[in-house]
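To start, the structure itself, in C-alpha cells.
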Amino acid sequence: MKRGTASNPLTERYASKEMSYLFSSDFKFRTWRRLWIALAEAEQELGLNITDAQLAELRANSEDINYEDAERREREVRHDVMSHIHAFGLQAPSAKGIIHLGATSAFVTDNTDIVQMAEGLKILRRRMVNLMAKLREFAWRWRATPTLAFTHFQPAQLTTVGKRATLWLHDLVLDYHDLVFRESQLALLGVKGATGTQASFLNLFGGDEAKVDRLEQLVAEKLGFARSYPVSGQTYSRKVDAHVIASLSGFGQSASKFGYDMRLLQHLREIEEPFEEEQVGSSAMAYKRNPMRAERIDALSRHLIVNALNPALTAATQWFERTLDDSANRRVAIPEAFLAADAIALIYDNVVAGLVVHEEVIAANVRRELPFLMTENLMMEGVQRGGDRQVLHERVRIHSQAAADELKRGAAENDLFDRIAKDELFGIDREAIARLSVAENYTGLAKQQTERFLIGDVDPILTKEKGQIDDEVGEVRV
C-alpha cells in the first residue's frame, strides 16, 4: 500500500484476494481482450476477412497487457476503451485494423460487468453454502437444548438453541434461492451496437440478419454464457445491476440480524464469538471480550444495504438508449457491493465455525425465568386440585410480582415456586412443582421443527452443492 494515497479498507482489510482480483483493473482489461478476441473469432467464422494469423497474434498477447502504452494514449484521447484498443494494436500490429470491428465501447465495458457479476455471484454462492453447512451442524447439535426465547428482548417462552439457529439459517436459505435465481438470469449485453439496433453488424454482414443473430450467440458461448439479452439500448438495462445488488443487500440484511443477535447473546454470556488467546478486546479495559466480529458484520452490512440504493437510483434515471451519468457511480457501487458481501460472508463463516456455547449460563437463565413461564401451567394444576381459576390468577399475579421484585433487589434465585408451594389455595407441594418444571417440556415443537427444516429444506441444498463445501474457515483480516 502506498501510504501517501487514499486506500479502500474493503480490499486492504476485509474482502478476499479472490474477490478483490475479480474487480481489479487487470481482470477487467484481460476480459476486454477476451471479448475482442471472441468477437474477431466469431466474425471470422461467419465469413469476414479476418485471418488465422491475426487471431493468433491477438491470442498471443491476450494476457500480457502493455499498461504504460494504454495510459499514455488515454492521457491524449481521454477514452479508456480507445486507449486499450490502441495498446492491443501495438502488440498485435497485423490485427489492429480488425480489433473492436463493428462494436461500441459498451461491448467491452458492459459485457465485462456481466462477467464480473456472474463470477462474483459464484464466489458468494460458494461462501453461502459453506456458511449454511456450518450453521446446519450447529443447529442440529443444539436442537434440543432449551434456552430463553425473547420478544421485545423480554423473556417470553422457551425455545432451543438449535431452533434459534434455524432462524438465521432460514434467512440464508431465502438468500441462497434468490442469489441462484439472479445468477441464472444473467446474460451478456451481446453485440448490440451504438443504440442497440445492431445496425453496424448488419452492415458488416451485408444485411444478413441470420449472421448477426449467430454472431451474438457465438460471442456469448465463447464467454461461457447461454444467451445475450434480447433487447437493449447501447447498454443493458440497469435494472440488472439493481436486481443483483438487491440480492447482495438481502444477504447483508440476514447477516446483520445474526450479528445483532450474537451481540445480545454475548452480553447475556450465553453464546460467544471466537476470541483468540492473545486477542485484545479493549485498549483501556483489558478484561473485555468485545464482539468485534459481530460488530464488523453489522458495520459492513449497513454499508452494503445502503449501497443498494445506488443501482436502484441509476436504473431509475437513465435516458432513452444511453446516458453516461451511470458510469462513475457503477464503477464504485457494483465492486463495493460484491467486496462488502464477500467480507461479510467470510466473517460470518468465521464466527459460526467458532461459536462458544455456555450451557451452564443458558440453563441458569432458564431456571431463573422458568417459574414465570410456568404460571399458566401451575394455575391449571391448581384448578384441577379444586382451586378457583379467577382466585388463583390473582394469587399468581401477586406472587409473580413479589418474586420479580426480589430478583430486581439482587436475589440469586427465583423463589416463585416456593411461594406457590406455600400457598394453600393452590394445593401443590414442592415435589409436584419439580415434576412439572422440566424445561424440555416447555419448548413446544422447537426440536421437531429444527429437524424437519434441516432435513427437508437445508440438506437438499447442501447435497446439490456438495462439491462447493470445504473444511476451510472464513478468514478475518485485521
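The values are calculated or read from the model by the stated rules, or taken from the named source; none is laboratory data. Source: prediction; values computed, not measured. Backbone-built Cβ (ideal geometry, glycine too); neighbour counts: all protein chains shown.
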Given the conditions (1) out of contact with any helix residue (DSSP H, G or I) (no Cβ under 7 Å at 6 or more places or on another chain); (2) modelled with pLDDT of 95 or more; (3) under 23 Å from Thr147 (Cα atoms), every one holds for Pro460 apart from (3)
Tell me, please, whether a residue that is of a type in the set (A, V, I, L, M, F, W, C), assigned to a helix (DSSP H, G or I), surrounded by fewer than 20 Cβ atoms within 10 Å (Cβ to Cβ) and not assigned by TED's automatic domain parsing to the domain that holds Leu339 can be found in the stretch 3-25.
-> no
Would you mention how many residues in the stretch 429-478 are of a type in the set (D, E, K, R), exposed (fewer than 11 other Cβ atoms within 10 Å of the Cβ) and under 30 Å from Leu339 (Cβ atoms)?
-> 4
For the stretch 260-274, what are the residues that are crowded, with 17+ Cβ neighbours inside 10 Å, touching a residue at least 60 places away in the same chain (Cβ under 8 Å) and not aliphatic (A, V, I, L, M)?
-> Asp261, Glu270, Glu272, Glu273
Test for Ala345: is it among the aliphatic types (A, V, I, L, M), assigned to a helix (DSSP H, G or I) and surrounded by fewer than 19 Cβ atoms within 10 Å (Cβ to Cβ) | no
Got a number for residues in the stretch 118-153 being more than 24 Å from the chain's Cα centre (by Cα), surrounded by 18 or more Cβ atoms within 10 Å (Cβ to Cβ) and polar (S, T, N, Q)?
-> 2
Among what's in the stretch 155-188 and is within 22 Å of Lys447 (Cα to Cα) and polar (S, T, N, Q), pick the residue that is farthest from the chain's Cα centre (by Cα).
-> Gln157
Qualifying residues in the stretch 218-258 (those that are among the charged types (D, E, K, R) and touching an Asp or Glu at 6+ places or on another chain (Cβ under 7 Å)) - the one surrounded by the most Cβ atoms within 10 Å (Cβ to Cβ) | Arg238
